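Remarks on the structure that follows.
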Amino acid sequence: MTSNRIEVQGITIRLEAIDEKDYVSLTDIAKKFNEKPSNLLISWLKNGSTLLFLEAWEKAFNPNFKLHQMVEFKALSIDNRSKISIQSFIKSTNAIGLISKPGRYGGTYAHKDIALNFCYWISPEFQVALMIKFQELMEKEFRSKKLKWHVSKITDNVEEIRNLLDTIPGQDPERNRLNLLKKK
């Protein structure tokens with residue numbers, strides 16, 4: 001991903017490529033809806049539907065996911081006195097879809113699929129706005145890579161034509177690059 005930030009409905013959301021996958025800052029999104037983003041993230045993670053989604057996502061994309069640990073988290077989700085932290089979830093289940101970074105510029109990041117699930121939970125309207133911005137970013141990046149590929153292909157073709165022209169007999173020896181290479 002070329003850009004590391006996107007603007008959605010007036011907020012800046014950090015993006016990060018981790019292991020060649022796109023991750024979105026849930027902390028930045030949560031700040032739009034709550035002064036204490038960690039409280040919102042804890043509420044989301046404690047939601048039974050969220051846990052089912054995370055379980056399904058991790059089973060599909062993470063061969064090292066500790067599925068048996070989900071029983072404990074599902075039990076905690078129905079206990080009103082308990083809290084589930086992102087860090088404990090990641091550590092206990094060996095999850096790869098969520099990443100918690102400590103420090104001033106840290107926060108909770110989620111794979112783009114999980115980030116969209118979080119947005120749906122928080123606000124379907126915001127989810128759609130994020131999807132649109134994310135798709136625009138991906139299309140821009142795709143066009144950039146496609147253009148680089150075309151330029152590379154054209155350069156290769158020009159080089160092939162030059163090499164072919166250098167093999168034509170009877171041409172000016174001063175212009176023949178093959179003769180110049182032999183002189184070196």
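Bear in mind these aren't lab numbers, they're just calculated from the coordinates by the rules spelled out. What you are looking at is a predicted structure, and each value in this text was computed from that prediction instead of being measured. Here the Cβ positions follow ideal geometry from the backbone for every residue, glycine too, while neighbour counts run over all protein chains shown.
Counting lysine pairs in region 5-140 whose alpha carbons fall under 14 angstrom apart, excluding pairs fewer than 8 residues apart on the same chain, gives 8. In terms of its C-alpha gyration tensor, region 5-140 has a prolate overall shape, because the principal axis ratio a/c (a ≥ b ≥ c, square roots of the eigenvalues) is not below 1.5 and a/b outweighs b/c.
A straight chain from ASN64 to LYS91 at 0.36 nm per residue would run longer than the Cα-Cα distance by 8.5 nm.
With the contact rule set at Cα under 8 Å and sequence spacing of 6 or more, what percent relative contact order holds for region 1-102?
Values: 107 pairs, mean separation 18.3, N = 102.
Over region 1-102, the number comes to 18 percent.
Sites listed here are trypsin sites (Lys or Arg not before Pro) in region 1-56 whose DSSP assignment is loop and whose Cβ has at most 14 other Cβ atoms within 10 Å, and the list is empty.
By its C-alpha gyration tensor, with a ≥ b ≥ c as the square roots of the eigenvalues, how is region 1-62 shaped: rounded for a/c under 1.5, else prolate for a/b larger than b/c, else oblate?
Working: a/c = 2.86, a/b = 1.11, b/c = 2.58.
Verdict is oblate for region 1-62.
Relative protection proxy for 104-116, 82-94, from highest mean packing down: 104-116, 82-94 (other beta-carbon atoms within 10 angstrom).
Would you please put 73-79, 23-29 in order of how densely packed they are, using the mean number of other Cβ atoms within 10 angstrom per residue and starting with the highest? Don't skip to the end; give the middle numbers.
Working: 73-79: 14.0, 23-29: 24.0.
Most protected by this proxy first, the peptides run 23-29, 73-79.
Extension gain for ASP113 to ALA56 (0.36 nm times residue separation, less C-alpha to C-alpha distance): 19.4 nm.
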